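The values are calculated or read from the model by the stated rules, or taken from the named source; none is laboratory data. This one's a predicted model, so the numbers in the text were calculated from it and none came from an experiment. All Cβ positions, glycine included, derive from the backbone under ideal geometry; neighbour counts span all protein chains shown.
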Amino acid sequence: MPELPEVEVAARNLRRWGTKRTIRAARADRRAARLFRPATPTAVEALAGARLVSVERRGKNLLCTLARGRAERLGVWSHLGMTGKWLRRGAQDPSPPATRVELDLAGGTRLCYVDRRMFGRFRIVPGARFDDLPEIAALGPDPLTDGIDAAGFAARLGRLRTPIKVALLDQTLLAGVGNIQASESLFRAGIDPRRPARSLSAAEVKRLAAAIRASIDFTLGTFADAGADGGKADIGYVEEGTAENPFLIYGRAGAPCPRGKHGKHGKHGTIVRVVQAGRATFFCPRCQNGAQRRSRGG
DNA sequence: ACCCGTGTTCGCTG
DNA sequence: TCAGCGAACACGGG
């Protein structure tokens, strides 16, 4: 489930649930070792006694900074992969299925890192030196916290022959854009996802940058509406069927284009699904026709 | 059984 | 050497 907006919600949850609290005990289940790859399995128990100071999100990565005593800092890096979640439970509650790591906090709250498929990552980072991790150092700017530098974004895209939709998934270009946000933002910008990245005009790149931001903001808003909390911040995710699909076109193959009717004859487009680099892409062939698309306002 | 999946990495190929 | 893909990872759900 996790792209930038979902991870942002997880970061906000962790801040609310755990900041300033001390970890009384920590444990990992047997299969959690896979989450430490490629590093040596870490003793999660070493987190006991540390206090959560801050939670930062960079792209799809969660960076928790903890303090032990006055001087010592340590970090916890987690990446939710495909099925990772941070959930909160009370001291007496049963652990959710597929819980891999649990942190018992002072006051009775338990933070549970849950991951069924275990494509995620979980690692203790000595000194909270996150930038020493190659996975973090390689990240491009975060569209939400850093903004998109139009000139840099355009320069980078201008060198790529790869389809623009595939390029958007490259975390060194922008950190946090995933398969959903890529399709959604290209729809908002009216750009055909199959076009080579380098073929986009300056105006299209600018439109795309704004559309990425708009799509992320929109998605964040739908999560807030869905229940920012209330006691159990188990956000309903699309694939779990617990929430309506909140997206404009993602997962809507065969549906009429939400932009409505186009052209003099008033025919609406139909959303199609194609596969690019092994990933599903959704778009409207009628209003995302790239260079031929008439300029905005239509 | 088969296909699909909001992510990342590895290895092959041209 | 490098860009670009498909496969692999793992485990459900439809």
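Restricted to the range A:147-180, and to residues there that are away from DNA strand B (no atom under 14 Å from the Cβ) and surrounded by 15 or more Cβ atoms within 10 Å (Cβ to Cβ), the residue that is farthest from A:Thr40 (Cα to Cα) is A:Ala154.
For first residues located in the range A:60-84 and away from DNA strand B (no atom under 12 Å from the Cβ), partners that are β-branched (Val, Ile, Thr) and part of a loop (DSSP other than H, G, I, E, B) and lie 6+ apart or on another chain with Cβ distances below 6 Å do not occur.
Against the test of being within 16 Å of DNA strand C (Cβ to nearest atom), touching a Pro at 6+ places or on another chain (Cβ under 8 Å) and more than 30 Å from A:Thr65 (Cβ to Cβ), the options A:Leu186, A:Leu157 yield a single qualifying residue, A:Leu186. One residue alone among A:Leu105, A:Leu144 is more than 16 Å from DNA strand C (Cβ to nearest atom) and in contact with a Phe, Trp or Tyr (Cβ under 9 Å, 6 or more places away or on another chain), and that residue is A:Leu105.
State whether one or more residues within the range A:131-140 are over 30 Å from A:Ala48 (Cβ atoms) and within 16 Å of DNA strand C (Cβ to nearest atom). Yes, because at least one residue in the range A:131-140 is over 30 Å from A:Ala48 (Cβ atoms) and within 16 Å of DNA strand C (Cβ to nearest atom).
Return yes or no: is A:Pro141 in a loop (DSSP other than H, G, I, E, B) and more than 19 Å from the chain's Cα centre (by Cα)? Answer is no for this residue.
Out of A:Ala25, A:Ala33, report the one residue that is more than 25 Å from A:Arg213 (Cβ to Cβ), touching a helix residue (DSSP H, G or I) at 6+ places or on another chain (Cβ under 8 Å) and not in a loop (DSSP other than H, G, I, E, B). The conditions single out A:Ala25. Conditions: (1) closer than 22 Å to A:Ala277 by Cβ; (2) at pLDDT 95 or above; (3) not in a loop (DSSP other than H, G, I, E, B). A:Leu103 meets all but one. Number of the miss? Status for A:Leu103: all satisfied but (1).
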